[in-house]
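A short worksheet on the structure shown next.
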Amino acid sequence: MSQEIRTIAVIGGGTMGLGIAHVSALGGYRTRLFDTDEGALNRAYNTIERNLDKGVARGKVEETAAVAAKDLLAFENDFLTAVADADLVIEAVPESIELKLSIFQRAERDAPQHALFASNTSGLSISEMAGATGRPERFAGMHFFNPVHIMKLIELVRGAETSDDTLAAMAEVGKRMGKEIVTVRESPGFVTSRINALIGNEAFRMLEQGIASAADIDKALKLGLNHPMGPFEMVDLVGLDVRLSILKHLHSTLGDLYRPSELLTSYVGDGRLGKKVGRGVYTYDAEGKAISE
Ligand SMILES: NC(=O)c1ccc[n+]([C@@H]2O[C@H](COP(=O)([O-])OP(=O)(O)OC[C@H]3O[C@@H](n4cnc5c(N)ncnc54)[C@H](O)[C@@H]3O)[C@@H](O)[C@H]2O)c1
């Protein structure tokens, strides 16, 4: 039997961290969400409450489960309080290796000896982070997807020294959070980011070459290949800057196949970063509806 997890500390309460805290509490875990920014903690509290209430209204979440989840959640601005009794610490701070290393060094000091550590990184090295702690065998990647309370998958990422027991315990947590698990050996972009970046980059090359319009490329992949979203709809949601940084990482680690398209690079240079700024491949109105290509 894998190690029993009762209390989970989530570090970073932004887009991903608040979603991870939501599914953690709904999975029955005592959950402490830590952020250095009070505003982020307030937003996380309001968003989780709203999403749980929506889940109840839509019949997706039992009312008693939503009430229990709210009771299990605590919002912390003190790191030590957040991690002191954690059995599992899940990190979801911005994608910077220096920041993540400093979080895990602190957690190594303040969390119990037995606690497991996980990073929600989109592609940074799990082994490098694990190496900054005294527990590399109890460290792995738990790669969640956005929005976390809706998306079904967790990619479990095995670092160089991750033990089977650690993976088993995290897989059990993932299942209690209502997720399906795939296990991936550490490598750039794991499975999902690597394939998605390649498809997205190819779509930009086709647009650049005038092969079809963005709307028709999206339509072709949705109706011809059964993708739920087109590659341009997807990149506008993810952020063109985020996609470009993933491609640069894949290019430097995996080679020329991943060289970022010139059109993507020039859009990012022009500030066309996606839906979050109202303009990416498409232009959006104030409600976030696409109004033109
Ligand atoms: N957004 C996505 O679609 C997505 C998907 C999968 C994985 N990820 C990964 O998840 C991680 C978080 O991404 P996000 O989109 O939630 O970012 P975000 O910017 O929405 O949230 C990050 C949060 O971390 C907080 N933070 C910053 N420094 C901190 C510190 N020292 N201690 C505690 N909190 C701190 C910020 O205040 C912010 O609330 C990144 O590694 C990202 O690559 C993101």
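Since every read-out is calculated from the coordinates, none of them should be taken as a lab result. Being a predicted model, the structure only gives us computed values, none of them experimental. For neighbour counting, all protein chains shown are included, and Cβ atoms are generated from backbone atoms with ideal geometry for every residue, glycine included.
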Computed over the Cα atoms, what is the radius of gyration of the chain divided by 2.2 N^0.38 Å, N being its residue count? 1.03
A student applying the Cα gyration tensor rule (rounded when a/c is under 1.5; otherwise prolate if a/b is larger than b/c, oblate if not) would label the range 192-292 oblate
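If we count other beta carbons within 10 Å of each Cβ, what is the order of M129, M206, fewest first? Walk me through the numbers on the way to the answer.
Values: M129 25, M206 18.
Least crowded to most crowded, the residues run M206, M129.
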Where the only charges are on Cβ atoms (+1 Lys, Arg; -1 Asp, Glu), what is the dipole of the chain about its Cα centre, to the nearest 20 debye? 500
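Of K60/K275; K100/K248; K175/K276; K222/K289; K179/K276; K54/K289, which sit over 24 Å apart, Cα to Cα?
Table pairs above 24 Å Cα-Cα are K60/K275; K175/K276; K179/K276.
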